[in-house]
Amino acid sequence: MAASVDGSTLEEVRAGLVAKIGENIQVRRFASRGGGGTTTGAYIHMNRIGVLVEIEGGSEELCTDIAMHVAAMNPAYATKDDVPTEDIEKEREILTAQVADSGKPEDIVKKMVEGRLNKFLSENCLVSQQYVKTNDKTVGKLLEENGAKMIGFTRIAVGEGIEKKVDDFAAEVAAMAKGGK
């Protein structure tokens, strides 16, 4: 954990907080964005969801507004170009299976699948989503109006990725009953 936070390493900051609070703190993950020529912004929602947004052009305020949108809508991808080919093909297979039994001609089925695939992409790509603050334009249109281009975003939620132990009480009792006889 050699990342720098306000002139100290992340480990030094963590150790200082452990000493101050008296509770063990573990850093499971962290993210950073930004570089030369890009604009970044962050938004933290109720200390549970953190979002970093990076755009080319635009302002920090625009980044923060888009980060707020990402926290609310949780898009899977920034742009259609970010969607892996495997995900598109998997979704296309699912959609084809859904409409295959419709009895429609093959060319109509293809158009239905492509239409539904475009809907899937518009719902899951940030730049295609309706901007949540105004609901009158897409995030892509908002970026365009402000002379900006989406680079990417990172969204982290508290507890995300933690595996929860599932207890099967009935199986536990049955195992104890077998062991006792």
Normalised by the residues of the stretch 69-181, what does the relative contact order come to in percent, with Cα pairs under 8 Å and at least six apart? 28 percent
Accessible area of the chain divided out per residue, in Å², using a probe of 1.4 angstrom: 68 Å²
Cα extents of the stretch 79-181 along the three principal axes, largest first (Å): 73, 44, 25
Euclidean distance between Cα centres, the stretch 117-177 to the stretch 52-67, Å: 18 Å
Amide H contacts under 5 Å for T138, placed H, 5+ residues apart: Y131
Which ³J(HN,Hα) values in Hz, rounded to whole numbers, follow from the phi angles of the stretch 135-152 under the Karplus curve 6.51 cos²θ - 1.76 cosθ + 1.60, where θ = phi - 60° and Gly and Pro get x? 6, 10, 7, 7, 4, x, 5, 4, 4, 4, 4, 9, x, 10, 9, 6, 9, x
With a 10 Å radius around each residue's Cβ, average the other Cβ atoms per peptide and rank 53-61, 95-103, 127-135, 171-179, highest first. 53-61, 127-135, 95-103, 171-179
Top positive-direction residue, dipole computed over the chain with Cβ charges, set V53, A78, F120: F120
Within the set of other residues whose C-beta is less than 14 Å from the C-beta of L121, count the net charge using Lys and Arg as +1 and Asp and Glu as -1. -2
quick shape note, the chain: Cα extents on principal axes in Å, largest first -> 65, 64, 28
Please state the charge dipole magnitude for the stretch 38-116, taken about the Cα centre, from unit charges on C-beta atoms (+1 on K and R, -1 on D and E), reported in debye and rounded to the nearest 20. 340 debye
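Share of antiparallel DSSP beta bridges in the chain, in percent to the nearest 5?
Rounded to the nearest five, the antiparallel share is 95 percent.
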Below 15 angstrom from the Cβ of T134, what's the summed charge of the other residues (Lys, Arg +1; Asp, Glu -1)? -2
When the dipole is taken about the Cα centre of the chain, and only Lys, Arg (+1) and Asp, Glu (-1) are charged at their Cβ, what size is it in debye, to the nearest 20? 480 debye
Cβ-based net charge around A148, under 15 Å, with every Lys or Arg adding one and every Asp or Glu removing one: -3
State the answer as a single residue: which of G36, M68, L10 lies farthest towards the positive end of the charge dipole of the stretch 3-107, with beta carbon charges of +1 for Lys and Arg and -1 for Asp and Glu, about the Cα centre. L10
With a 1.4 angstrom probe the carbon and sulfur portion of accessible area for the stretch 1-123, in percent, totals 50 percent
In deg cm²/dmol and to the nearest 500, what is the mean residue ellipticity at 222 nm of the chain if only DSSP H runs of at least 4 residues count, each as -39500 (n - 2.57), divided by the residue total? -14000 deg cm²/dmol
Computed lengthening from A72 to V18, 0.36 nm per intervening residue step minus Cα-Cα distance: 16.3 nm
So for the pair A157, V5, with labels modelled 7 Å out along Cα→Cβ, what separation do we get in nm? 2.3 nm
May I ask which of K20/K133; K110/K141; K104/K141; K104/K149; K110/K133 have a Cα-Cα span longer than 31 Å here? K20/K133; K104/K141; K104/K149; K110/K133
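The values are calculated or read from the model by the stated rules, or taken from the named source; none is laboratory data. All figures in this text were calculated on a predicted structure; none of them were measured in a lab. Because the Cβ atoms are built from the backbone with ideal geometry, glycine has one as well, and the counts that use them run over all protein chains shown. For accessibility, only protein heavy atoms count, side chains too; no ligands or nucleic acids. Shrake-Rupley method; radii C 1.70, N 1.55, O 1.52, S 1.80 Å.
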